[in-house]
Amino acid sequence: MLSSVILGNLFSLGAMFTDSISSSQKSSEKMLTFQCFSQLFYGASSLVLKGYSAVVQSSLALVRNILAIRKIHSDILEWIILILGIVLGIAFNNLGLLGYLPVIANGLYTFSIFRISHNQTALRWAFLIYLVLYAIFDLFILNYVGAAATAIAIVSTAVSIVRNR
């Protein structure tokens, strides 16, 4: 158990750096690119720490971000990703109500990326909400580095929002 907590927290260190870099990027594409790397790290961390609904959400977030970066958008794709996130999030939820936090966070952020990605301030606000939900989730699955990393990303995102107002 202890080795899983340590390994999961080590993966979260990578996510900490990429999330912090992400929120300070000047373009939405660069912001989403760094978030792709972050999703890989968070997915690995959640897998090791047995937060399976978060693994599913990280995988879908990676696909969603790649589609958004490449400007591949359709209402059908948006709905497929949203529905898959909900259905797979429920199917792989092994943590009760807590397991729904990544599902809600990813659903909100997916909707935001497809609907408001042209507005960096609005996208940063959506990312901030996403981060807060994940910080709570990380604390409960003993991903302390992930929670600390998310807290740092919350601060850097908030600073970025204020600075770019």
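The values are calculated or read from the model by the stated rules, or taken from the named source; none is laboratory data. Every value quoted in this text rests on a predicted model; they were computed, and no experiment measured them. All Cβ positions, glycine included, derive from the backbone under ideal geometry; neighbour counts span all protein chains shown. What goes into the accessible areas is simple: the full protein's heavy atoms, side chains included, and nothing from ligands, DNA or RNA. Shrake-Rupley method; radii C 1.70, N 1.55, O 1.52, S 1.80 Å.
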### Query
When the residues of region 1-27 are filtered to those that are open to solvent by less than 10 Å² (accessible area, probe 1.4 Å) and over 15 Å from TYR144 (Cα atoms), which remaining residue is modelled with the highest pLDDT?
SER22
### Task
Only residues that are surrounded by 16 or more Cβ atoms within 10 Å (Cβ to Cβ) and over 11 Å from ALA61 (Cα atoms): list them for region 112-123, please.
SER112, PHE114, SER117, GLN120, LEU123
### Task
Give region 28-43 a look and list any residue that's touching a residue at least 12 places away in the same chain (Cβ under 8 Å) and open to solvent by 30 Å² or more (accessible area, probe 1.4 Å), or say none.
GLU29, THR33, PHE34, PHE37, LEU40, PHE41
#### Entry: Hits in region 93-110 - residues which are more than 12 Å from the chain's Cα centre (by Cα) and buried (at least 16 other Cβ atoms within 10 Å of the Cβ)
ASN93, LEU95, LEU98, GLY99, TYR100
## Note on the structure
How many residues of region 131-146 are open to solvent by 10 Å² or more (accessible area, probe 1.4 Å) and in contact with a Leu (Cβ under 8 Å, 6 or more places away or on another chain)? The answer is 7
### Message
Please count how many residues of region 109-132 are polar (S, T, N, Q) and either in contact with a Lys or Arg (Cβ under 8 Å, 6 or more places away or on another chain) or assigned to a helix (DSSP H, G or I) (or both).
### Response
4
### Query
Quick one: how many residues across region 44-54 are surrounded by 22 or more Cβ atoms within 10 Å (Cβ to Cβ) and hydrophobic (A, V, I, L, M, F, W, C)?
2
### Message
I'd like to verify a number: residues in region 74-118 that are farther than 19 Å from VAL55 by Cα, without any contact (Cβ under 8 Å) to a residue 40 or more places away in the chain and of a type in the set (Gly, Ala, Ser), how many?
### Response
2
### Near pairs, Cβ below 6 angstrom, 6+ apart or cross-chain, from region 123-144 (under 14 Å from ILE161 (Cα atoms)) to any residue that is among the polar types (S, T, N, Q) and open to solvent by 20 Å² or more (accessible area, probe 1.4 Å)
LEU123/SER117
### Query
Among (1) free of Cβ contacts under 8 Å to residues at least 12 places away in the same chain; (2) touching a helix residue (DSSP H, G or I) at 6+ places or on another chain (Cβ under 6 Å); (3) farther than 26 Å from ASN164 by Cα, which single condition is SER4 missing?
(1)
### Query
Going through region 113-142 one residue at a time, which ones are at pLDDT 85 or above and over 11 Å from the mean Cα position of the chain (by Cα)?
ALA122, LEU123, ARG124, TRP125, ILE136, PHE137, ASP138, LEU139, PHE140, ILE141, LEU142
